[in-house]
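Novice: Pasting a structure below so you can have a look.
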Amino acid sequence: MKKIVITGGAGFIGSHIVDECVESYPEAKIVVLDKMTYAADVRNIIHHIESKNFELIVGDIRTVSTCERALKNADLLIHAAAESHVDNSFENSLEFSRTNVVGTHTLMEVCRQLKTPKIIHVSTDEVYGEILEGAADESAVLKPTNPYSASKAAAEMIIQGYMQSFKLPVIMIRANNMFGIRQFPEKIIPKFMMMLMQDQKLPLHRTGKNKRHFLAVRDFTNAIKALIEKGKIGECYNIGTTQEFENIEMARMLCKLFGLPSEDYIIHVEDRPFNDGRYAVNWDKITALGWAPKIILTDTLSEMAHWYLENFFRYHEEGGEIINRPKT
């Protein structure tokens, strides 16, 4: 490949995809298209900026001319840009539709016109909705339950239409929640880590019994590589893990990591309008390509905590509230 375009490449997941592509395809030009919203940070990709094979385009995926500039002569598009925080989607759902649906539609139309040879679309396991028992495979009916997952399901429907009508060469992926460094601290692990650094209480929705699977972002990017090289055009692949925790279990683990009594630091707050009890996917399909998750969450929590301590002011230097200075 000569050119790989990664949307959302300055964000958490996107920047790790950039790392994977730079390492795995050193001869390819890597182009990042990112709007640089609050969850993106140029420091996530600063180690690539001066490479002659790297280009950062700051722009909106809803703008046709910007997409055309980024995708011209591209061999592969990895579409990872999205509004992704469920809590935010209840407050600002229209922005989720604008970015996740209209933005995806714009990209697919430009790919159609430019005849982009391969597209990998990063969706989410949340499109399946609440899975209280068992696990959803790729043929399961989509039943999104919140504005975020509805916008991702809608984006998939746009893509399905393009695949059917225009034979657009897309591979769809639906992955579990992810963890790792560089994740904006609105998701549970980095948010709670940084709250504990400030000696703050950890707010859990209702009982905190909601369950989530946690996939290492580096395992996810290894799956991306497997799909680039072995994935079948037109197919959908779940990417999952066996690491499942209740939110209250996660909060207790983090309190223990910081040497703090969980009974004093966990508080229960009003739930959001709807909160899925559990997500779960069957990922046998991608294991047939030789991929499997390897990284254990509990083995990496200390390393992650050190990273967030060292980078604490990255997330507060533009006016974020600091109750106390970070505890070491």
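The values are calculated or read from the model by the stated rules, or taken from the named source; none is laboratory data. Note that the structure is a prediction, hence the values are computed from the model and not measured. Backbone-built Cβ (ideal geometry, glycine too); neighbour counts: all protein chains shown.
Novice: Report every pair of residues separated by at least 6 positions or lying on different chains whose Cβ atoms are under 6 Å apart, first residue within segment 197-217 and closer than 22 Å to Thr300 by Cα, second loosely packed, with under 15 Cβ neighbours inside 10 Å and of a type in the set (A, V, I, L, M).
Specialist: Gln198/Ile323
Quick grid of which residues meet (1) surrounded by 14 or more Cβ atoms within 10 Å (Cβ to Cβ); (2) in contact with a strand residue (DSSP E or B) (Cβ under 9 Å, 6 or more places away or on another chain); (3) modelled with pLDDT under 95:
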site: Ala251; (1), (2), (3): yes, yes, no
site: Phe258; (1), (2), (3): yes, no, no
site: Ile266; (1), (2), (3): yes, yes, no
site: Gly277; (1), (2), (3): no, yes, yes
site: Ala280; (1), (2), (3): yes, yes, no
site: Trp291; (1), (2), (3): yes, yes, no
site: Met304; (1), (2), (3): yes, yes, no
site: Gly319; (1), (2), (3): no, no, yes
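Novice: Suppose we keep only residues that are touching a residue at least 40 places away in the same chain (Cβ under 8 Å) and not in a helix (DSSP H, G or I) within segment 83-97. Which one would you say is surrounded by the most Cβ atoms within 10 Å (Cβ to Cβ)? Explain how you work it out, then say what you get.
Specialist: Of segment 83-97, the ones touching a residue at least 40 places away in the same chain (Cβ under 8 Å) are 83-90, 93, 96-97.
From what is left, the residues that are not in a helix (DSSP H, G or I) are 83-85.
Values: Glu83: 22, Ser84: 25, His85: 17.
My answer is Ser84.
Novice: If I ask for residues that are farther than 21 Å from His16 by Cβ, surrounded by 17 or more Cβ atoms within 10 Å (Cβ to Cβ) and in contact with a Gly (Cβ under 9 Å, 6 or more places away or on another chain), which ones from segment 61-82 would you list?
Specialist: Quick first cut of segment 61-82, residues farther than 21 Å from His16 by Cβ only: 62-69, 71-73.
Filter once more, so that each one left must be surrounded by 17 or more Cβ atoms within 10 Å (Cβ to Cβ): 62, 66-67, 71.
Residues satisfying the conditions are Arg62, Thr66, Cys67.
Novice: Related question: Taking the stated definitions as given, is Glu20 out of contact with any Asp or Glu (no Cβ under 8 Å at 6 or more places or on another chain), at negative phi, not in a helix (DSSP H, G or I) and not hydroxyl-bearing (Ser, Thr, Tyr)? Steps first, answer last, please.
Specialist: Values: out of contact with any Asp or Glu (no Cβ under 8 Å at 6 or more places or on another chain): yes; at negative phi: yes; not in a helix (DSSP H, G or I): no; not hydroxyl-bearing (Ser, Thr, Tyr): yes.
Judged against the criteria, Glu20 is not a match.
Novice: Looking at segment 8-23, I want the residues that are over 19 Å from Lys35 (Cα atoms) and have a partner that is of a type in the set (A, V, I, L, M, F, W, C) with Cβ atoms under 6 Å, at least 6 apart or on another chain. Which pairs are those?
Specialist: Qualifying pairs under 6 Å: Cys21/Ile4; Cys21/Ile30; Val22/Ile30.
Novice: To continue, here is another question. Could you grab me the full set of residues in segment 29-50 that are assigned to a loop (DSSP other than H, G, I, E, B), surrounded by 13 or more Cβ atoms within 10 Å (Cβ to Cβ) and out of contact with any strand residue (DSSP E or B) (no Cβ under 6 Å at 6 or more places or on another chain)?
Specialist: Initial filter on segment 29-50 (assigned to a loop (DSSP other than H, G, I, E, B)): 35-41, 45, 49-50.
In the following step, the residues that additionally are surrounded by 13 or more Cβ atoms within 10 Å (Cβ to Cβ) were identified as 35-37, 39-41, 45.
Residues satisfying the conditions are Lys35, Thr37, Ala39, Asp41, Ile45.
Novice: Can you go through Val127, Val102 and tell me which one is without any contact (Cβ under 8 Å) to a residue 60 or more places away in the chain, at negative phi, crowded, with 24+ Cβ neighbours inside 10 Å and touching a Lys or Arg at 6+ places or on another chain (Cβ under 6 Å)?
Specialist: On the way: Val102 fails: crowded, with 24+ Cβ neighbours inside 10 Å.
None of the others qualify; the one that does is Val127.
Novice: Now a separate question. Report the residue count in segment 107-126 for those that are part of a helix (DSSP H, G or I), more than 12 Å from Ile159 (Cβ to Cβ) and in contact with a strand residue (DSSP E or B) (Cβ under 8 Å, 6 or more places away or on another chain). Steps first, please.
Specialist: Of segment 107-126, the ones part of a helix (DSSP H, G or I) are 107-114, 125-126.
Still in the running and more than 12 Å from Ile159 (Cβ to Cβ): 110, 113-114, 125-126.
This time we only want the ones that are in contact with a strand residue (DSSP E or B) (Cβ under 8 Å, 6 or more places away or on another chain), so: 125.
So the answer is 1.
Novice: Here are some residues: Ile233, Ile181, Ile188, Ile171. Which one is closer than 28 Å to Lys294 by Cβ, of a type in the set (Val, Ile, Thr) and touching a Pro at 6+ places or on another chain (Cβ under 6 Å)? Lay out the reasoning, then the answer.
Specialist: Numbers: Ile181 fails: touching a Pro at 6+ places or on another chain (Cβ under 6 Å); Ile188 fails: touching a Pro at 6+ places or on another chain (Cβ under 6 Å); Ile171 fails: touching a Pro at 6+ places or on another chain (Cβ under 6 Å).
Sole residue among the options that is closer than 28 Å to Lys294 by Cβ, of a type in the set (Val, Ile, Thr) and touching a Pro at 6+ places or on another chain (Cβ under 6 Å): Ile233.
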